[in-house]
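We did not get these values from a lab; they are worked out from the coordinates using the rules stated. Because the structure is a prediction, the values reported are computed rather than measured. As a convention, Cβ positions derive from the backbone with ideal geometry for all residues, glycine included, and neighbour counts pool all protein chains shown.
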Amino acid sequence: DTEVTQTPKHLVMGMTNKKSLKCEQHMGHRAMYWYKQKAKKPPELMFVYSYEKLSINESVPSRFSPECPNSSLLNLHLHALQPEDSALYLCASSQVTGMNTEAFFGQGTRLTVV
Amino acid sequence: GNSVTQMEGPVTLSEEAFLTINCTYTATGYPSLFWYVQYPGEGLQLLLKATKADDKGSNKGFEATYRKETTSFHLEKGSVQVSDSAVYFCALNLNQGGKLIFGQGTELSVKP
């Protein structure tokens, strides 16, 4: 199983809503990532978890709150988002955070904030 | 700073044409290099990688060679198919906590 599964695939939320994005992998990877991708742009790193601990936060606004309940799961909690937060949110995992390891990406959650 | 520069797209080719997508990088150390592909409406898939100078990565007919002297990692394929239409991202990893630094992406459109 070399899949990273993200749910939901699409999400529409209002600016006062609270929602969560979920990501799951069963490859035994100990590093998990959240990326944000705007249309026709490359992915931008948001957060990195290494061995279930947050290791990188790329100065992401607090309305985005990551959580790693165990080594297979990664959540991104969303609250009071703005329309400019509409984007494709990609989860990825890798064996560890070393430079030679490959990152496997999920299909993404396409988020629209109205 | 560390960065990746790709040739601008879109690149439009006829089926069976030869493909080159240029990628050059600037890095303070010796990175690992990757090509990812993103098909419409999907996430990214790793296409190939190279971890040291003169390494050649290859997969599905695509190839790229890590050239340290020219800081380049150009993607090539001898004969493209319509199904290769996608956006291609060159990326580097400098062992900064797993962070991938991506180029801007190059959109490829292959016509029958």
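Taking a sphere under 13 Å around the Cβ of B:Asn22 and counting the other residues whose Cβ falls inside, with K and R at +1 and D and E at -1, yields a net charge of -1. Using Cβ point charges alone (K and R +1, D and E -1), the dipole size of the protein assembly as shown about the Cα centre works out to roughly 500 debye. The slack between A:Val114 and A:Glu102, meaning 0.36 nm per residue of separation minus the straight C-alpha distance, is 0.8 nm. For the pair region A:38-110 and region B:1-72, the centres of their Cα atoms are 23 angstrom apart. List the aspartates and glutamates whose Cα lies under 12 Å from the Cα of B:Lys60, skipping any in the same chain that are fewer than 8 positions away. Straight-distance partners of B:Lys60: B:Glu76, B:Asp84. Taking Cβ atoms as reference points and 11 Å as the exclusive limit, the residues near A:Leu45 contribute a net charge of 0, counting Lys and Arg as +1 and Asp and Glu as -1.
Note on chain A: the C-alpha convex hull projects to 6.7 nm² when averaged across all orientations. In chain B, the alpha-carbon atoms span a convex hull of 94 Å³ per residue. Placing +1 on the Cβ of every Lys and Arg and -1 on the Cβ of every Asp and Glu, with no other charges, gives region A:51-114 a dipole of roughly 80 debye about its Cα centre. Note on A:Tyr51 and B:Lys52: their simple-model spin labels are 2.6 nm apart, each label 7 Å out from Cα toward Cβ.
Shown for chain A: cysteine residues without a partner Cβ closer than 4.7 Å, namely A:Cys68.
Here the dipole of chain A is about 360 debye; that uses its Cα centre as origin and unit charges on the Cβ of Lys and Arg (positive) and Asp and Glu (negative). When the charge dipole of chain B is built from unit charges on Cβ atoms (+1 for Lys and Arg, -1 for Asp and Glu) and taken about the Cα centre, the candidate among B:Gly57, B:Ser79, B:Thr26 whose Cα reaches farthest toward its positive end is B:Thr26. Between A:Gly28, A:Gly14, A:Gly98, the GNM of chain A built on Cα springs shorter than 10 angstrom shows A:Gly98 fluctuating the most.
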